[in-house]
Amino acid sequence: MHARQESCCFTGHRPAKLPWKYRETDPRCIALKKRIADAVETAYEEGYRHFLCGMAMGCDFYFCEAVIELRRRYSDVTLEAAIPCPTQADTWPAAQRTRYYALLEKCDDKTMVSDAYSASCMQRRDRYMVDHASLLIAAFDGSAGGTRYTVEYALRRLVNVVDLAIPEAGEE
């Protein structure tokens with residue numbers, strides 16, 4: 001078990017809510033990936049060693065990849081996949097499923113939060129991550145949904161939140 005005070009989790013939007021959707025070559029996506037990598041590096045410098053990722057498409061993947069890159073440089077970094085249910089990726093596009101399973105392979109720990117899909121399993125996953133961390137990095141545009149729920153839950157639990165703005169058109 002990892003100490004909560006050295007654990008950091010992440011929340012962010014899925015491609016449908018991002019202005020660039022799945023186009024990761026968009027300059028705004030590249031800028032957000034850099035912000036995420038910088039935030040992960042800063043968390044490491046502040047003593048965070050264990051990182052929890054909810055493994056959703058979009059920003060979760062960017063975060064997971066940033067932590068894997070950090071781990072290449074620092075051997076004391078660990079990455080935990082907080083998986084909401086066994087069927088999480090079953091209906092995703094093939095390329096996203098392939099990416100999901102490749103990232104999952106690189107995680108040090110895998111925690112299955114629910115045995116089966118339910119209307120609440122994503123929120124259970126989000127609460128699990130926040131309850132096991134003292135820092136939440138968020139890529140959040142303020143809109144309603146799972147990312148907002150996670151940010152609000154973290155604030156209620158007095159977890160520090162670092163909010164990385166989603167770059168708008170023309171902003172990098």
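Bear in mind these aren't lab numbers, they're just calculated from the coordinates by the rules spelled out. Values in this document were obtained by computation on a predicted structure and should not be read as measured data. Positions of Cβ are generated from backbone atoms using ideal geometry, with glycine treated the same way; all protein chains shown enter the neighbour counts.
Computed values, structure above
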item	result
Expected 222 nm ellipticity per residue - DSSP helices of 4 or more, -39500 (n - 2.57), all of the chain, to 500	-12500 deg cm²/dmol
FRET E, pair Glu69, Tyr117, Förster distance 35 Å, beta-carbon r, rounded to 0.05	0.70
Pairs of lysine residues in the chain - Cα separation under 25 Å, sequence separation of 8 or more or cross-chain	8
Given charges at beta-carbon only (K, R positive; D, E negative), |dipole| of the chain in Debye	360
Computed lengthening from Ala3 to Leu158, 0.36 nm per intervening residue step minus Cα-Cα distance	54.2 nm
Built amide H within the under 5 Å cut-off of Val161, gap 5+	Leu136
Order of Glu152, Glu45 under a 10 Å beta carbon neighbour criterion, fewest first	Glu45, Glu152
Kyte-Doolittle mean at least -0.5, axial Cα span of 18 Å or more - DSSP H helices of the chain	27-45, 59-73
Overall form of the stretch 71-124 per C-alpha gyration tensor (a/c, 1.5; a/b vs b/c)	oblate
Label point distance in nm, Lys110-Tyr149, each placed 7 Å from Cα along Cα→Cβ	2.4
Peptides 117-126, 78-87, 93-102 ordered by average Cβ neighbours within 10 Å, highest first	78-87, 117-126, 93-102
Relative contact order computed over the chain (Cα-Cα under 8 Å; 6+ residues apart), in percent	29
Rounded if a/c under 1.5, otherwise prolate or oblate - the stretch 130-172, Cα gyration tensor axes	prolate
For the stretch 1-88: rounded, prolate or oblate by the Cα gyration tensor [a/c cutoff 1.5]	oblate
